[in-house]
Each structure stands twice: as structure tokens, then as C-alpha cells.
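A short write-up of the structure that comes next.
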Amino acid sequence: MTQNRQIDSGETWVRRPTDPPINHPGDLEDRARPIVPLARDYAGPSRRDWHRHRRGQLLYASAGVMTVETAMGIWVVAPEQAVWIPPGVDHQVSHAQAIAMRTLYIDPEVAESLPRDCCVVAVPALLRELILRSVEVGLDYTPEGPGARIMAVILDELCALRPEPLHLPQPRDPRLLKVTQAMIDDPAEGRPLADWARDAGASERTLARLFVKQTGLTFGEWRERLRLVTAVARLAEGAAVTAVALDLGYQSPSAFIAMFRRSLGETPGRYLRRRTEDG
């Protein structure tokens with residue numbers, strides 16, 4: 001039977017008094033086991049401060065919505081989605097409500113075929129069941145045993161996944177950061193770029209140029225992406241399409257649905273149904 005024990009996972013973080021203890025069933029440095037699973041449930045909101053891992057990390061939310069932030073941007077991860085964090089990437093993880101987190105720590109030697117950048121992926125039914133089964137297996141598997149074969153199939157499935165366009169890139173310029181943070185705080189805010197420029201102490205042309213240079217998106221595209229990732233999280237939590245549309249500043253549900261279809265290729269209802277059927 002797997003023996004849970006405290007280990008140093010190579011990470012530094014700030015824990016809240018209400019966080020569960022950091023128990024892990026084994027050694028993250030054991031290269032004989034390329035995947036190390038971990039299940040942690042949180043009863044309420046929490047934020048782990050900036051930290052990194054020697055291993056790559058697949059964070060999967062079997063219930064609840066979490067936010068992952070790196071220097072490159074923000075990823076909102078809804079249920080039945082996962083975020084891939086490559087080895088050595090500084091990141092912080094937060095969630096506003098209860099969450100059931102299932103993590104796979106993947107050794108760098110076998111993670112070379114996985115994406116080199118953070119990304120959000122949909123978790124199909126097979127991969128979901130494999131992740132849950134890997135948590136049950138823990139570290140009670142030998143390199144030649146059935147547990148190792150489960151881990152090998154997980155790696156095959158991960159290599160076949162394709163990222164979803166749910167990355168909100170973050171700029172570096174402090175003036176632009178002031179604008180983007182204010183928009184994150186209130187995604188419904190519809191002021192034009194000229195108004196934001198005055199608040200930031202920069203010209204409209206300068207901010208427009210910085211948006212494209214540092215995020216790869218225009219101001220309008222960045223705001224639309226912000227509303228998209230916010231909407232996916234809200235819808236996954238059970239909010240109604242009409243409520244989400246109005247809360248995000250759209251004049252009508254049809255305008256919101258058109259944006260959603262343009263971005264993800266299908267309506268919110270079909271998107272959520274497909275995810276339920278696939279999951």
C-alpha cells in the first residue's frame with residue numbers, strides 16, 4: 001500500500017492556514033516512475049504563491065474552476081479541462097471556490113514531446129478516467145507492471161491533445177499592465193482605448209502598439225479573449241448564458257453567442273454539451 005509522507009517537492013509557495021497539508025505518496029525525484037499523481041481537494045478559496053517544479057505538471061480540475069498565472073499570461077481552467085505547465089516554469093494557482101484538483105507530475109525526460117509553453121486542453125473521457133485511475137494507483141507500480149502501462153497510455157493521450165484558445169497573454173509594460181489588470185477586474189467595462197490611455201499616462205497609439213507587440217493581440221482582440229475565458233469559467237460553474245452575456249457587457253445574448261462561436265467554433269450550449277458528452 002502507498003505510504004503518504006511529507007516530501008520536499010522542489011517548490012516554494014505560501015500556504016493559507018485552511019489549506020490541506022502537503023502530503024504526497026512518494027518521491028518526485030524518482031525517475032523510475034515518470035508520472036507521479038497527486039489528488040488534493042480544497043473546501044474553499046485558496047492561492048498558492050509563485051513556485052516552480054523540476055517536473056512538468058498537468059493540473060486537472062475534476063470539479064471547480066482554477067486560474068493559473070505565469071509571466072506569459074493567465075489560463076482559466078474549467079472542469080473537464082487541464083492546464084499543462086512545462087518543467088521549471090514559475091507559476092501560481094488560485095481558485096475562488098471549492099475544487100477537486102488532480103495533478104500529474106511528469107519527468108522532464110518524458111515530457112520533451114509535450115508542449116514547451118503552458119496551454120489549456122480539453123480532457124476527453126478516456127484521459128479523464130486514466131487520470132483518476134492513476135491517482136488510485138499512486139506510486140504502487142513497478143516499471144514493468146500494469147500501473148506503468150497506465151502511465152504510458154496517459155503520455156500517449158497527452159501527446160495527442162491540442163491546445164484550446166483560452167490563453168490570456170499578459171504584457172510587461174507597467175502602463176499596459178495597469179490597463180489589463182483593470183479590465184480583468186471588470187471584464188464588462190467597455191471604454192475605448194483612448195480612455196484607458198489617459199488613465200495610464202500614455203497615448204492611444206502607444207498602447208495600441210504595445211498591445212500587439214507584447215500580447216500578439218489588438219486591444220479589441222485582447223478584451224474579447226478576456227471575456228471568452230471569463231465566460232467559459234462562468235458557464236462551467238452553471239451560470240446561464242443570458243446572465244453571462246449581460247454581466248460581460250454584451251447588449252444581447254445573441255451578440256455574446258456570436259463572439260463565442262467565432263472564437264471556439266460553436267455556441268455556448270453546444271460547447272458545454274459536447275464537453276459533457278466527451279467527459
Quick one: is Leu161 of a type outside the set (S, T, N, Q) and either under 30 Å from Gly220 (Cα atoms) or in contact with a strand residue (DSSP E or B) (Cβ under 7 Å, 6 or more places away or on another chain) (or both)? yes
Exclusive hit being out of contact with any helix residue (DSSP H, G or I) (no Cβ under 8 Å at 6 or more places or on another chain), of a type outside the set (A, V, I, L, M) and at negative phi, set Pro124, Pro79, Pro115, Pro171: Pro115
Looking only at the range 179-221, count how many residues are over 22 Å from Ala231 (Cα atoms) and either outside the structural domain of Ala231 (by TED's automatic domain parsing) or among the basic types (Lys, Arg) (or both). 4
Restricting the search to the range 104-132, which residues are among the basic types (Lys, Arg) and touching a strand residue (DSSP E or B) at 6+ places or on another chain (Cβ under 9 Å)? Arg128
Is there a residue in the range 143-151 that is closer than 25 Å to Gly216 by Cβ, in contact (Cβ under 8 Å) with a residue 12 or more places away in the chain and buried (at least 17 other Cβ atoms within 10 Å of the Cβ)? no
Only unsatisfied item for Gly220, checking (1) assigned to a helix (DSSP H, G or I); (2) surrounded by 16 or more Cβ atoms within 10 Å (Cβ to Cβ); (3) not aromatic (Phe, Trp, Tyr), is (2)
Complete set of residues in the range 73-97 that are in contact (Cβ under 8 Å) with a residue 60 or more places away in the chain, surrounded by fewer than 21 Cβ atoms within 10 Å (Cβ to Cβ) and touching a Cys at 6+ places or on another chain (Cβ under 8 Å): Gly73
Here's a check for you: in the range 63-110, which residue that is among the β-branched types (Val, Ile, Thr) and not in a strand (DSSP E or B) is modelled with the lowest pLDDT? Val65
Checked the range 25-69 for anything within 22 Å of Arg162 (Cβ to Cβ) and of a type in the set (Ser, Thr, Tyr); matches are Tyr60, Ser62, Thr67
Which members of the range 199-220 meet the condition of being free of Cβ contacts under 8 Å to residues at least 40 places away in the same chain and under 16 Å from Glu189 (Cβ atoms)? Asp199, Ala200, Leu207, Phe219, Gly220
Which one of Arg234, Arg162, Arg262 is of a type in the set (D, E, K, R), surrounded by fewer than 13 Cβ atoms within 10 Å (Cβ to Cβ) and within 30 Å of Arg133 (Cα to Cα)? Arg162
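The values are calculated or read from the model by the stated rules, or taken from the named source; none is laboratory data. Please read all numbers here as calculations on a predicted model, not as lab measurements. So basically every Cβ, Gly included, is an ideal-geometry build from the backbone, and we count neighbours across all protein chains shown.
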